[in-house]
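Contents: one structure, followed by commentary.
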Amino acid sequence: MLIHYEIKKNVVTIKMGQEIIEGILCGEIELDNENSHILDNLFNELVPKGYLNYLLDLQNISYIYSYGVSIVINTYKFLNERDGKIKILNPSSFVRNLLDTLKMFNVFEVFVDEKQAIKSFNKKSFF
């Protein structure tokens, strides 16, 4: 698994994939027990530096094992306690079904447009 991140307007966009073709990270991967630690390590590296807003691009994720789900949920809880957020970008059909099955659509905001997703971090909630 390859992982790439980019920081725009204090939002860390994380993309995962199998290979880079013409500068684009692509290729389906499974966020399994063998490679989920890569994502966990990235969170553990960036959060102490003050980065609290994350956009996970999950278009290349064909399957997520329970360990991968637990990393995302535990990080979500940790960030939420510190006024941070994790939002989902371009979820694959598997990820959409998983979010629906786990009733997580009311927890994670889901976007298909990266610019709109990044802008959404700056909007204040009145609730």
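How high is the relative contact order of the chain, given as a whole-number percent (alpha carbon pairs under 8 Å, six or more residues apart)?
On the way: 191 pairs, mean separation 29.2, N = 127.
It rounds to 23 percent for the chain.
At most 16 other Cβ atoms within 10 Å and a DSSP loop assignment: could you name the trypsin sites (Lys or Arg not before Pro) in the stretch 45-96 that fit?
Answer in residue order: Arg82.
How big is the shadow of the Cα convex hull of the chain, averaged over all directions, in nm²?
Details: hull surface 30.5 nm².
Average projection, Cα convex hull of the chain: 7.6 nm².
For the chain, what is the number of Lys pairs with C-alpha distance below 14 angstrom, counting only pairs 8 or more positions apart or on separate chains?
Total qualifying Lys-Lys pairs in the chain comes to 16.
Please give the net charge around Glu6, taking every other residue with its beta carbon less than 12 angstrom from that of Glu6, where Lys and Arg add +1 and Asp and Glu add -1.
So the surrounding residues net to +1.
Based on the Cβ-Cβ distance from Ile3 to Phe105, what FRET efficiency comes out when R0 is 25 Å, to the nearest 0.05?
Working: r = 25 Å, r/R0 = 0.98.
Efficiency for this residue pair is about 0.55.
None of the figures in this text is laboratory data; all of them are computed from the coordinates on show. Because the structure is predicted, anything quoted here is derived from the model rather than measured. We place every Cβ from the backbone using ideal geometry, glycine too, and count neighbours over all the protein chains shown.
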